[in-house]
Structure formats: structure tokens, C-alpha cells
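Read through the structure below, which is laid out as C-alpha cells, and then see the notes.
Where a number appears in this text, it was derived from the coordinates with a stated rule and is not lab data. Remember, predicted model here, so these are calculated numbers, not experimental data. Here the Cβ positions follow ideal geometry from the backbone for every residue, glycine too, while neighbour counts run over all protein chains shown.
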Amino acid sequence: MDEKYRTLVEKLTNEKKTIATMESCTGGGVANQITNIEGASDILKFSAVTYSNEYKIKMGVSKEVIDTYSVYSMETAMEMSYHISLFTLSDYGVGITGKLNRIDKENPFGKDNTVFVSIYDKEKDLYYNSSLEVAKASRRENKELVLERIVDILLFVLAYDVEKEKRDYFNVYKK
């Protein structure tokens, strides 16, 4: 996984693009993976760990979206990716939310052991969305699975040509 994040940092650096993350269940894991790579300060603008609904909302996520779809939903992940990009003026915003091996009494809605990932591409005004079921025995193992999926999505996004490619692996949405 380290090599993939190294490739990500190199590609973003070469393209003079920036990224910011709003992470919930990964607890800053994406930002950590990026900052393990030399040169990360050239591409990582900001990272927020918004573990609570309160701070997701303070960062711009619509309370109505959370109330309507749940904090554990693709709609919330999309709000997260968009608003972190907007807040930081980054080329790419990453939003991650989901449940890992725990039932959340404060947020009873949303699927258990499902993580929602949204990457917002400001230049193309597109969202790249993916959800994944996490069924490993520990939170750490599930986080590693999610971090691997996220870097795969990001590398795909950097190579994606909207006009030429149609892939089923991700759901791509125009804002």
C-alpha cells in the first residue's frame, strides 16, 4: 500500500494538484498515509477528522442530508468530499464515512460494516463514489482495507478520462 500512496503523491505533485480529506471512520488514515511520503506537503492542503455529526456540519455538511440519509451514507460522503475541497480550495476532496465493527447508538440508521467513499474532482465537477463492505475481525484490518480502496480510487481518478472511459467499478456523478 505504501508504494501506491507514493505513486499518488508523485502523480499529484507532477500534475501540480492538491488534495484535502474529511475523514470519519478512517480517523485521518488517508492523511497519515500521504504524510508518510516525502513531498506530501506539496499536495496535501488540509485534513479534518470529523468523527462527530457536529463537526461534519461545522465543516459544511448539510444537517438535512445527515437527517435524511444518515451520517452513514453516500450522500454524506459526497457532502464531505465537496465541502473539504471548497474549504481548502483543493483540486480533490476526499470524504469518508461508515461503520467499522460497531453499532452507533447516536446514529442508528445506515448499514453496519459499510464504508462510503466519495472523491470530488473540482476541475471536472465530478464525484467518484464507492462503497465497500468491511468484514474483517478488527477495526485496524477494516481501516487498512478501506485505505487500500481509497488509494486505488484516487489513482483511478487521476487517470480517468470522462469522455473516453465508462467503468462500473465506481459511480461517477456530475455535481
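Projected label points at Asn14 and Ala159, each 7 Å from Cα along the beta carbon direction, are separated by 1.1 nanometres.
Net length available on complete extension from Glu54 to Asp67 is 3.5 nm, with 0.36 nm assigned per residue and the Cα-Cα distance removed.
Students often check this: by mean Cβ neighbours within 10 Å, which of 84-95, 11-22 ranks highest, and how do the rest follow? Please report the intermediate quantities before stating the final value.
Numbers: 84-95: 22.4, 11-22: 19.4.
Averaged packing, sorted descending, gives the order 84-95, 11-22.
A simple spin-label model places pseudo-atoms 7 Å from Cα toward Cβ; at Thr7 and Arg140 they are separated by 2.6 nm.
Ranking of Met1, Met80, Met59 by neighbouring Cβ atoms within 10 Å, starting from the fewest: Met1, Met59, Met80.
Most simply put, region 1-160 has about 60% antiparallel DSSP beta bridges, counting only bridges with both residues inside it. For region 6-12, the Karplus equation 6.51 cos²θ - 1.76 cosθ + 1.60, evaluated at θ = phi - 60°, returns couplings of 4, 4, 4, 4, 4, 5, 4 Hz by residue, with Gly and Pro reported as x.
Packing, taken as the mean count of other beta carbons within 10 Å per residue, orders the peptides 122-130, 136-144 from highest to lowest as 122-130, 136-144.
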